[in-house]
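Take a look at the structure set out below.
The values are calculated or read from the model by the stated rules, or taken from the named source; none is laboratory data. On a predicted model such as this, the values are computed, not experimentally measured, just so you know. Cβ sites come from the backbone with ideal geometry, for glycine too, and all protein chains shown count toward neighbours. Side chains included, ligands, DNA and RNA excluded: accessible areas come from the protein's heavy atoms. Shrake-Rupley method; radii C 1.70, N 1.55, O 1.52, S 1.80 Å.
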Amino acid sequence: MLIDYRSWRHTFKLDPDKEIDDAALEAVCESGTDAIIVGGTYGVTFDNTLNLMSRIRRYAVDAVLEISSLEAVVPGFDAYLIPLVLNAGDPEWMFTPHVSGLMEYGSCIRWEDIIAEGYLVANPDTGVARLTKARPIPDAACAKAYAQVAARLCRLPIVYLEYSGKYGDPEVVRACKSGAGEAQLFYGGGIRTPEQAAEMAAIADTVVVGNLVYEDLKAALATVKAVKKA
């Protein structure tokens, strides 16, 4: 593997289905962030993923693809994140897509570039929650148990707590960190200020900033320094 995801403190997540101009992309890639994650729930295609990757490749920053659709698998990323939706209410979203992917691409996969992540959808009012029929996370104890399933039973290297547009409960994040053990805890969702980024960075191993890039670029860039200082 060419990247060390365990050293990541801050990452930006960019959606291929959203517009970002060249100046904004340069600012994001040159911000000091540790990596750029490319991924989204809807509207992600081979063409828009390839286009975004080729633009990111102008810069010396780790670029990884979080795979949400087999049709959007593009070669050339530094690594590939494979989400297993821990609280999916539809069991089809646990392993069936991955079996299909391996049947189609298994013979050409570089396994050293593959990173599995236990993905916990904590905001029920999101596209990914509706798509996977995600079961609710009622409290911190439940979140901790899910993290333990991912890290201790399934031995997944990453636990990704995703609030997707909503700022999370620090106590739930702290419970996930406790349950994750040696796994890397990613937190993403609802960060709109450097202060919020710093608060989550004090608990989670890696903070992911996504929507803010498109809503307030200046604030998004400021989260890098805030996380690194936390």
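Report the relative contact order of region 55-170, percent, no decimals, based on alpha-carbon pairs under 8 angstrom and at least 6 residues apart.
25 percent
Average the reciprocal distances over every distinct pair of alpha-carbons in region 83-184, invert the result, and give the Kirkwood radius in Å. Walk me through the numbers before you get to the answer.
On the way: mean 1/r = 0.0709 Å⁻¹.
That comes to 14.1 Å for region 83-184.
Take the solvent-accessible surface of the protein heavy atoms, probe 1.4 Å, and return the percent of it on region 93-140 that carbon and sulfur atoms account for.
Percent of accessible area from carbon and sulfur atoms in region 93-140: 61.
From largest accessible area down, sort R155, R57, R6; use a 1.4 Å probe on the protein chains.
Order by accessible area, largest first: R155, R6, R57.
Give, in nm to one decimal, the length gained when the segment between Y214 and K229 is fully stretched (0.36 nm per residue of separation minus the Cα-Cα distance). Could the numbers behind the result be given before it?
Numbers: separation 15, 0.36 × 15 = 5.40 nm, distance 2.36 nm.
The Y214-K229 span can extend by a further 3.0 nm.
Give the calculated FRET efficiency between S178 and L70 to the nearest 0.05, with a Förster radius of 41 Å applied to their Cβ-Cβ distance.
0.75
Give the accessible surface of region 124-230 per residue, rounded to a whole number of Å², with probe radius 1.4 Å and ligands, DNA and RNA excluded. Could you put the intermediate results ahead of the total?
Working: 4860 Å² over 107 residues.
About 45 Å² of surface per residue is accessible.
Where Rh denotes the Kirkwood radius from the mean inverse Cα pair distance, what is Rg over Rh for the chain?
With Rh from the inverse mean 1/r over Cα pairs, Rg/Rh is 0.93.
How large is the dipole of the chain about the Cα centre if only Lys and Arg carry +1 and Asp and Glu carry -1, each at its Cβ, rounded to the nearest 20 debye? If you can, show how the numbers build up before the last one.
Values: 22 positive and 31 negative charges, 127 e Å.
The dipole of the chain has a size of about 600 debye.
How many nm separate the modelled label positions at C108 and K166, each set 7 Å beyond the Cα in the direction of the Cβ?
4.0 nm
Within 10 Å, count the other beta carbons around each residue, average over each peptide in 28-34, 135-141, 181-187, 10-16, and list them highest first. Present the calculation step by step, with values, prior to reporting the outcome.
Working: 28-34: 18.9, 135-141: 14.9, 181-187: 21.0, 10-16: 22.7.
Taking the mean over residues of other Cβ atoms within 10 Å, the ranking is 10-16, 181-187, 28-34, 135-141.
Once you have the Cα-Cα distance between E92 and L153, take 0.36 nm times their residue separation minus that, and quote the gain in nm to one decimal.
Gain in length upon complete extension: 20.0 nm.
From the helices alone, meaning DSSP H stretches of at least four residues, give me the mean residue ellipticity at 222 nm for the chain, per-run term -39500 (n - 2.57), in deg cm²/dmol to the nearest 500.
Per the formula, -10000 deg cm²/dmol.
Take every Cα pair under 8 Å in the chain that's 6+ residues apart, average their separations, divide by the length, and report that relative contact order as a whole percent.
Details: 447 pairs, mean separation 41.9, N = 230.
Worked out over the chain, it gives 18 percent.
Sort M103, M53, M94 from largest to smallest accessible area, using a 1.4 Å probe on the heavy atoms of the protein chains.
Order by accessible area, largest first: M103, M94, M53.
Under 20 °C and 1.002 mPa s, how fast does region 1-56 diffuse according to Stokes-Einstein, given a Kirkwood radius computed over C-alpha pairs? Answer in µm²/s, whole number.
Taking Rh from Cα pairs, D becomes 177 µm²/s.
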